[in-house]
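*Asks:* The structure's right below; bear with me while I get my questions together.
Quick note: the coordinates plus some simple rules give every number you see, no bench work behind them. This structure is a prediction, so every number in the text was calculated from the model and none was measured. Heads up, the Cβs are rebuilt from the backbone with ideal geometry, glycines too, and the neighbour counts pull from every protein chain shown.
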Amino acid sequence: MPRYNNLMTLDEFTIQQLRLFPNATGELSGLLRGIGLAAKQVNREVNKAALADILGVDGSINVQGEVQKLDTYANEVFIKVLRSGINCAGIVSEENECMMLFDDAKSNQSKYVVLMDPIDGSGNIDINISIGSIFSVYRRVSELGKPAVLEDFLQPGIKQVAAGYVIYGSSTILVYATRRGVNGFTLDNSIGEFYLSHPDMRMPPHGRFYSFDNRYYNQVDPKLKRYVDFCISTTENRKGPYSNRYYGCMVADIHRNLLKGGIFFYPQVEGRPEGKLRLCYECNPMAFITEVAGGSATNGRQRILDIMPEHIHQRTPLFIGSKEMMRDLEGFLQ
Ligand code: P6P
């Protein structure tokens, strides 16, 4: 008998959460289970990407530039699962220039829309380093029974109902947050079930890791340079410098910080006045998860979750991590 036979599966957990809200319709639970199904299908291909010849660029271009085949596959999987379900009225994806409305009678009745980055960290696929998927769930502001509209997707991050990510690493873990908390589920590949392995995740208030691509050191605001200098210095109240860990996959960096404490930042740099990361389907979901877990996230001036999106693919500088480390950073940026 597996030693974790008394652990709860993702499906059991979402149904247990549903029981806590007698008036709940079960739509959100069903939506999250659908995302879990899509994650399992993506995971299967991630694990054999090199064998399945889905490495390498397939030539099609997304809004970010060259697309790896796995990006395209993952996008199609999430769309297929969400469209065939009855809990999502439409999606915005990094892989699609425009919103995609599931304009059928059942989907139009759904209360929710999803924004997603099907594969975050595509550059890591060919070198077998962790990659992720990111998703964000909003309650529609438009009339049910009709197709979703653009305003459903352009809500500030504080309006998120749920947000999460999947990290495809040494193990595959699905982490999602609602206002009630952040919980992580590890995939048992032998039976294809996610098991609750990280209940009630809390981001430590401090850590020893900072994630920043040092190639930008001479391109950033002098105040931020002084913060980086602080990170690599030894101060009286901190034994040694922080370790610089930068995985090229925000999901992996932030997952580590969620477990160990740390800070991640991708600021504005030369040629990228708004930074690189996308507000709606990268920064907002990661900021929601981080805040529910006790951390914080800003664009250097404003709370990420308070930003009113103007375009579904708009970018924003991102500073995100442990509460006390973010407080130190803000002291340097002021
Ligand atoms: P760079 C991956 O493409 C991503 O969106 C984030 O996951 C990651 O942190 C960042 O971009 C890496 O960007 O410019 O350092 O390759």
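*Asks:* Extension gain ALA105-GLU324, at 0.36 nm per residue separation less the Cα-Cα distance, in nm?
*Replies:* 74.0 nm
*Asks:* Taking only C-alpha pairs under 8 Å that are 6+ residues apart, what is the relative contact order of the chain in percent?
*Replies:* Dividing the mean separation by the residue count of the chain yields 15 percent.
*Asks:* Over segment 122-248, what per residue volume does the convex hull of the Cα atoms give, in whole Å³?
*Replies:* Convex hull volume per residue, Cα atoms: 211 Å³.
*Asks:* On to the next question. How large is the helix-only mean residue ellipticity at 222 nm for the chain, computed as the sum of -39500 (n - 2.57) over DSSP H runs with n ≥ 4, divided by its residue count, in deg cm²/dmol to the nearest 500?
*Replies:* -8500 deg cm²/dmol
*Asks:* Related question: Using only the Cα atoms of the chain, what do you get for the radius of gyration and for Dmax, in Å?
*Replies:* Rg then Dmax for the chain, in Å: 19.4, 64.
*Asks:* Rounded, prolate or oblate for segment 60-199? Axes are the square roots of the Cα gyration tensor eigenvalues, ordered a ≥ b ≥ c, and the cut-off for rounded is a/c under 1.5.
*Replies:* Verdict is oblate for segment 60-199.
*Asks:* In nm, give the distance between the simple-model label positions of ILE158 and ASN244, each being 7 Å from the Cα along the Cα-to-Cβ direction.
*Replies:* Once both label points are built, they end up 3.6 nm from each other.
*Asks:* Same structure, new question: Could you please state, rounded to a whole Å, how far the C-alpha centre of segment 151-171 is from the C-alpha centre of segment 253-321?
*Replies:* Going from one Cα centre to the other spans 12 Å.
*Asks:* Something else about it: At q = 0.10, 0.12 Å⁻¹, what log₁₀ I(q)/I(0) does a Debye calculation on the Cα points of segment 218-334 give, no solvent, two decimals?
*Replies:* Calculated log10 I(q)/I(0) at the listed q: -0.28, -0.41.
*Asks:* Any chance you could run the full-extension gain for LYS260 through ARG301? It's 0.36 nm times the residue separation minus the Cα-Cα distance, nm to one decimal.
*Replies:* 12.2 nm
*Asks:* Something else: On full extension of the chain, what length is gained from ASP200 through ASP229, given 0.36 nm per residue of separation minus the C-alpha to C-alpha distance?
*Replies:* In short, 7.1 nm is gained.
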